[in-house]
Amino acid sequence: MKILISIWFLIDPQLLLGFWNLKFAETNFNMINSPAFQASSKVDQDNILEVNELYLKNKYIKFDVDTVFWSDVNAKEKKVVHKKGKWNLDGDTLKINDYDEIFVYKY
């Protein structure tokens with residue numbers, strides 16, 4: 001099934017257009033279940049969990065024709081930031097160019 005979906009995205013990138021809410025982030029799940037997290041102090045764990053919850057409650061991504069808007073969290077200030085960039089598909093890889101940080105995320 002994954003192969004079929006991947007092939008479909010290669011054929012029609014229009015499927016990404018629209019507004020998407022994040023309900024689960026495997027990276028965050030893995031982080032809070034890691035030995036490093038478990039070895040952290042209670043204060044550090046509470047801070048990480050607070051930032052993680054802020055992220056999950058506010059995470060979205062919106063794809064327009066060639067522009068993408070999304071939310072992220074500034075962990076130091078514990079606040080939501082709204083970002084903008086350009087997106088494109090390169091084969092089976094989604095590339096998002098972050099305008100603020102001059103960085104390319106690859107998925």
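A compact table of results
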{"item": "Any hit, segment 1-15, residues being surrounded by 14 or more Cβ atoms within 10 Å (Cβ to Cβ), modelled with pLDDT under 90 and at negative phi", "result": "yes"}
{"item": "Matching residues in segment 75-87 - criterion: being within 20 Å of LEU16 (Cα to Cα) and surrounded by 12 or more Cβ atoms within 10 Å (Cβ to Cβ)", "result": "LYS83, LYS84, GLY85, LYS86, TRP87"}
{"item": "Tally, over segment 38-75, of residues that are among the β-branched types (Val, Ile, Thr) and touching a Phe, Trp or Tyr at 6+ places or on another chain (Cβ under 6 Å)", "result": "3"}
{"item": "Count - residues of segment 95-107 that are under 12 Å from ILE61 (Cβ atoms), among the hydrophobic types (A, V, I, L, M, F, W, C) and modelled with pLDDT under 90", "result": "0"}
{"item": "Qualifying position, being acidic (Asp, Glu), touching a Lys or Arg at 6+ places or on another chain (Cβ under 7 Å) and farther than 18 Å from LYS23 by Cβ, among ASP66, ASP72, ASP90", "result": "ASP66"}
{"item": "Of the criteria (1) loosely packed, with under 11 Cβ neighbours inside 10 Å; (2) of a type in the set (Ser, Thr, Tyr); (3) in contact with a His (Cβ under 8 Å, 6 or more places away or on another chain), which one SER41 fails", "result": "(3)"}
{"item": "Selection count, segment 52-107, where residues are free of Cβ contacts under 8 Å to residues at least 40 places away in the same chain, under 28 Å from PHE37 (Cα atoms) and either assigned to a loop (DSSP other than H, G, I, E, B) or among the hydroxyl-bearing types (Ser, Thr, Tyr) (or both)", "result": "10"}
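The values are calculated or read from the model by the stated rules, or taken from the named source; none is laboratory data. These numbers were taken from a predicted model, which means no experiment stands behind them. Note that each Cβ is placed from the backbone with ideal geometry, even for glycine, and that neighbours are counted across all protein chains shown.
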